[in-house]
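Below: the structure, in structure tokens.
The values are calculated or read from the model by the stated rules, or taken from the named source; none is laboratory data. Please read all numbers here as calculations on a predicted model, not as lab measurements. Positions of Cβ are backbone-derived with ideal geometry, glycine not excepted, and every protein chain shown enters the neighbour counts.
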Amino acid sequence: MSIYDEAAQLRSKLNDEQRNPLKIALFGQPGAGKSSIINKLVGYKAVEIGQTTDTTKEAKIVKWKDDLLFVDLPGYGTSKFPKNDFFDKFDINNFHLYLCVFSGKFHEADTSFFHELSSNGKICLFVRNKHDEIWQEGKKTSKLEEEIINDVCKQTAYKQFVYFTSCKDGKGFKELSDAIYNHIDQAQKAKWAKSAKAYSIEFLEKKKEACENYIYVASGAAAVNSINPLPGVDVGIDVSVLVMLFKFIRDSYGLTDGKLNSKEYAVPTLIPLINNILKYASTEGCIYLLKRYAAQELAKATLKYIPFVGQIIAASIGYALTRTVGISYLEDCHELAKRILLEELNGNGR
Amino acid sequence: MWWLAIPVIILVGKGIYDAVTEEEDKAPEPREKPTRCRKSILELNLERLRSELQSHNGRKIAILGQPGAGKSSLLKKMTNGEVIPLPIIGTQTDATNWSSDRTCNLISLYEKYVFADVPGYGTSNHPTHVFKTTFPFSHFDAFIIVFHGKFHGADEEIFHFAARTGKPICIARSFLDSLEQDETVAIERDIRSRLKADGLTPVIFFSNRNGNGVDIVFNTIRY
């Protein structure tokens with residue numbers, strides 16, 4: 001099989017992944033905080049949060065980085081959305097995971113929708129949001145949590161695990177994010193790891209792994225697209241793919257320009273890393289990096305391949321080169337994200 | 001011509017008999033068919049509420065709202081814990097339950113006030129439509145509609161039922177302690193535009209946790 005066929009496969013794999021995002025449905029009463037939860041999970045203000053009234057008349061669809069699709073379902077079994085149409089209308093059977101979000105007591109709509117889901121063999125996670133508001137005179141929070149769990153079990157008639165979250169102080173999102181990761185299949189796990197916000201170092205490692213796989217795929221695309229050899233390198237690489245790859249890695253780690261330029265991260269330990277990451281993000285930066293690594297890669301290749309005449313050889317070297325450059329950029333991003341996360345974790349601990 | 005009424009009386013009598021026997025047949029079944037038997041108990045309790053209100057003097061106030069809105073806590077807080085009997089407060093669904101016991105307590109007394117701490121509507125045991133059809137709105141002198149989070153479609157419907165009586169209504173948003181200043185402004189504006197409520201219907205923010213605003217809620221329906 002020629003490298004072209006292989007590349008074509010890689011490309012179609014890339015496209016497939018983008019076409020089939022991980023789909024998560026959220027349901028629950030208006031005001032339970034579904035939009036805030038989506039924002040917390042992706043670590044970015046992906047949805048506008050409405051402070052007012054139940055505006056969810058339609059399913060609200062939030063797409064995040066091609067990989068994730070959140071659907072905020074409107075009320076089940078209301079006059080506007082009768083039960084029998086609901087499953088067809090919103091294509092309910094095609095989600096990978098369901099989150100039942102509640103912040104008060106259980107409503108009939110939630111209970112009956114859950115029963116409908118479980119009779120279809122669907123997995124549903126229960127999220128008790130607004131943990132900061134759980135309070136009752138003369139009772140400890142732990143006691144109240146226990147009561148809430150018991151109530152969920154009673155209402156659903158199943159033993160359930162309840163994830164307590166608070167969008168105010170960020171409580172419980174590490175657990176919820178891990179739970180989502182653990183309840184989806186392998187192909188979807190990569191998407192979650194790639195695009196969700198990391199709340200732990202372990203999650204960052206998963207993210208790195210997912211990015212490495214992506215680099216592997218993208219390098220193939222970059223090398224085979226290679227039409228114009230870089231001046232002074234003689235290896236054809238499509239720099240635009242590399243620029244996209246870098247952007248992809250940064251996005252995965254949530255290292256947006258705005259974030260990197262913010263005062264919050266203007267600390268001496270982070271600045272050199274941030275500067276590198278910003279610098280290499282441009283086309284010129286990519287070319288600079290490629291040239292730096294080209295010497296290394298070329299040295300690895302046996303002398304008989306020089307000069308590079310055949311496109312196949314150029315492509316394979318281009319592939320290796322793109323991958324090396326990609327991985328080096330990934331390492332930088334990973335390191336920065338790790339330090340930022342450690343700061344965050346310490347900040348919360350204090 | 002009086003005999004013309006006989007078939008009617010028989011039919012009505014049979015209807016009552018059926019309703020009562022069916023009720024008793026189904027009553028011991030636990031959880032199996034909640035909609036059928038529980039709905040009836042809730043309806044019977046709502047009818048009993050009507051007659052209890054008639055036999056009491058005093059200012060009658062209904063506290064209505066979604067489950068978990070903070071109705072029972074508000075009642076306890078407003079009366080400094082002196083209302084008799086004390087409402088049942090709990091994080092579990094249907095802590096206040098009118099759907100399983102035909103003799104459960106429906107009203108609480110405090111000074112000259114008669115409070116009905118109504119169970120949250122919209123749970124499987126307390127469906128909203130039963131409140132809309134059976135709740136004795138006209139027997140009350142004032143209403144407090146409590147909500148938490150967002151003002152739901154069901155709250156809006158209940159508000160309109162209460163508004164038809166022409167009695168004072170207070171819309172009370174709980175959990176003030178976790179709201180920012182600008183959020184309260186946005187919420188109030190939204191409710192006013194949705195209910196087309198004139199400036200006279202008070203929209204009050206309060207917190208059961210630190211007691212802020214609880215007195216203001218009480219004052220709006222006190223007289």
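Key figures
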{"quantity": "Checklist (1) assigned to a helix (DSSP H, G or I); (2) at pLDDT 85 or above; (3) of a type in the set (Gly, Ala, Ser) applied to residue A:12, failing item", "calculated": "(2)"}
{"quantity": "Hits in the stretch B:121-137 - residues which are more than 11 Å from chain A (Cβ to nearest Cβ), in contact (Cβ under 8 Å) with a residue 12 or more places away in the chain and farther than 26 Å from residue B:77 by Cα", "calculated": "B:130, B:132, B:134"}
{"quantity": "Matching entry among A:169, A:151 (being more than 10 Å from chain B (Cβ to nearest Cβ) and touching a residue at least 24 places away in the same chain (Cβ under 8 Å))", "calculated": "A:169"}
{"quantity": "Test for residue B:149: is it within 11 Å of chain A (Cβ to nearest Cβ) and at positive phi", "calculated": "yes"}
{"quantity": "Pair list, Cβ under 7 Å, 6 or more apart: the stretch A:244-267 residue at negative phi, other residue in a helix (DSSP H, G or I) and polar (S, T, N, Q)", "calculated": "A:252/A:195"}
{"quantity": "The stretch B:180-208 - residue that is surrounded by 15 or more Cβ atoms within 10 Å (Cβ to Cβ), among the β-branched types (Val, Ile, Thr) and closer than 16 Å to residue B:148 by Cα and, of those, farthest from the other protein chains (Cβ to nearest Cβ)", "calculated": "B:204"}
{"quantity": "Residues located in the stretch B:44-72, provided they are away from chain A (no Cβ under 14 Å), small (Gly, Ala, Ser) and either within 12 Å of the chain's Cα centre (by Cα) or in a loop (DSSP other than H, G, I, E, B) (or both)", "calculated": "B:55, B:58, B:62"}
{"quantity": "Qualifying residues in the stretch B:164-183 (those that are at pLDDT below 90 and of a type in the set (S, T, N, Q)) - the one farthest from residue B:78 (Cα to Cα)", "calculated": "B:181"}
